[in-house]
Structure formats: structure tokens, C-alpha cells
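The values are calculated or read from the model by the stated rules, or taken from the named source; none is laboratory data. Since the model is a prediction, treat every value here as computed from it, not as a measurement. When we count neighbours, we look across all protein chains shown, and the Cβ atoms used for this are built from the backbone with ideal geometry, even at glycine. Remember, those area values only see protein heavy atoms, side chains included, never the ligands or the DNA or RNA. Shrake-Rupley method; radii C 1.70, N 1.55, O 1.52, S 1.80 Å.
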Amino acid sequence: MRSNKSEIAEIQDAVHLCIDMQNIFALGGLWQTPWMERVLPTIASIVSRYQVRTVFTRFITPQAPEDRPGQWQSYFRRWQQATRDQLPPFALDLVPALARYVPPVRIIDKPAYSAFSNPALASLLIEKGVGTVVVTGAETDVCVLSTVLSAVDLGFRVVLAEDALCSSSDVGHDALMTMYRTRFHGQVDLVTAEELIEFWRE
């Protein structure tokens, strides 16, 4: 944690990007992330407060492995049960606690880890004059990581709500939180959900 809250600049011109809070990652899902239940109330609170400034992403798997390029084919041959040919229809839906906010919250579907693998997201943010993305969701060390790095590359300031992230790997989560704190000074900030309310000026 930071020792000095004043190190965090006010959050302005921001959008809350909630990553992949879907049934497939919830308890009982194929790729269940046990932490999701723990952080879900915090994420729902952020969404409720910033509904018109929130975008949900969903990781949409291919119908069949051959529908994706390169190494994704090998990945989905190993995870055949995650293809849409085999998944139950609701698996890729948002978890119910968040789905109820759509609309006004928008959904952007993506074919890969990064939220920016769908070019519509960057176009939307640029059109809205967004300079900062506030990131929550799953998983800290996969889709959140990929999204954070893409956002940094595109020039966005990233604010991570550290108590609104989850992973299926404690080791992966802890390692990434350390990396975010120590390697991205000036580009990535960490706040709690409570601090987010304090610092975000719409």
C-alpha cells in the first residue's frame, strides 16, 4: 500500500473498465475464480455509483478452435469444453449481480485477453475524451494484466481498484500487484474502492 495518499492525483475524465465478470469465472464455472465472490460486492458498489461511466467486457470464446488464429487454436483444443460448441449458453454471460446494470452500462465483447483486443473499446474511449481507465475484475494476472499493458501502451492512465481484482492464483495475483506498484510509476496507480470515491472527480 502507499504510505502517502497525496501521491495519487485526482481521477478525471475516467471510465470504469470492469473485466470479464462472467459466469464461466464464477463458482461452479469452468474457469472458476474463487475470489470472485469476495470482490463482487465491491465491484457492484463501484458499478452502481458510476453506471454511466462503466464498461463491462466479456471474454468470448470461439465456436470451435479453428475459428481463432495461431496458438489460440492449440489453446482451445486443450480447452475444447470452453468453446461455444460445448459451453452452456449462459456461461459467457455477466454474473447476475452485474448484468442487472445493463443498460445503462455498456458491454464490449473481446476475442482475447486484453479488453483492447476489440478495437471498438479504444475508439469509444477516445470519442469520449477519456484519459484514465479505472480497472476492476478478473483475472489480475491474465486479462487484467493484458488490459493494463495495452492501456499503458495507448497512453491511458490506469487506476487499479486493488480490492476489486481477483485471480485463481494467489501467487500470480501477489506478483502482479507488486509489479504494478514498483514498475509502472506515473502510469499505473493503486487505490482501494473507498479511496476511488474520494479521488474520482467526474
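Projecting the Cα atoms of Tyr180, Ile46, Gln81 onto the charge dipole of the chain, computed from C-beta unit charges around the Cα centre, puts Gln81 farthest toward the positive end.
Legend: residues Asp141, Asp153, sorted from most to least accessible area (1.4 Å probe; ligands, DNA and RNA excluded), read Asp153, Asp141. Viscosity 1.002 mPa s, temperature 20 °C: give me the Stokes-Einstein translational D for segment 64-167 in µm²/s, with Rh taken as the Kirkwood radius over C-alpha pairs. Answer from the Stokes-Einstein relation: 139 µm²/s.
Give the whole-number value, in cubic angstrom per residue, of the convex hull volume spanned by the C-alpha atoms of segment 8-53.
On the way: hull volume 4.4 nm³, N = 46.
Per-residue hull volume (Cα only) is 95 Å³.
Size of the dipole of the chain about the Cα centre, Lys and Arg at +1 and Asp and Glu at -1 on the beta carbon, nothing else charged, in debye to 20?
Working: 18 positive and 23 negative charges, 59 e Å.
Roughly 280 debye, rounded to the nearest 20.
Per residue, the chain exposes 47 Å² of solvent-accessible protein surface, assessed with a 1.4 angstrom probe and all protein chains in place.
Note on Ser123/Val171: beta-carbon distance plugged into 1/(1 + (r/R0)^6) with R0 of 25 Å gives a FRET efficiency of 0.10. When the Cα positions of Thr147, Gly29, Pro69 are compared along the charge dipole of the chain, Pro69 comes out farthest toward the positive end, with charges on each C-beta of Lys, Arg, Asp and Glu.
Label-to-label distance, Arg49 versus Glu66, with points set 7 angstrom from Cα along the beta-carbon direction: 5.0 nm.
Solvent-accessible area assigned to carbon and sulfur over segment 91-199 amounts to 54 percent, based on a 1.4 Å probe.
With a 10 Å cut-off between alpha carbons and a GNM built on the chain, which of Ala14, Ala26, Ala64 moves the most? Ranking Ala14, Ala26, Ala64 by mean-square fluctuation puts Ala64 first. Protein heavy-atom surface of segment 31-73, 1.4 angstrom probe: 47% of the accessible area is carbon and sulfur, with nucleic acids and ligands not counted.
Computed extension length for Arg106-Gln12: 31.9 nm, one decimal, from 0.36 nm per residue of separation with the Cα-Cα distance subtracted. When the chain is treated as a Gaussian network with alpha carbon springs shorter than 10 Å, the biggest mean-square fluctuation among Tyr50, Tyr75, Tyr113 belongs to Tyr75.
Remark: the Arg77-Asp93 segment gains 3.6 nm on full extension, using 0.36 nm per residue and subtracting the alpha carbon distance. Sorting 181-192, 129-140 by average packing, meaning the other beta carbons within 10 Å per residue, from highest down gives 129-140, 181-192. Between Met36, Met177, Met21, the residue with the greatest mean-square fluctuation in the GNM of the chain (Cα pairs under 10 Å linked by springs) is Met177.
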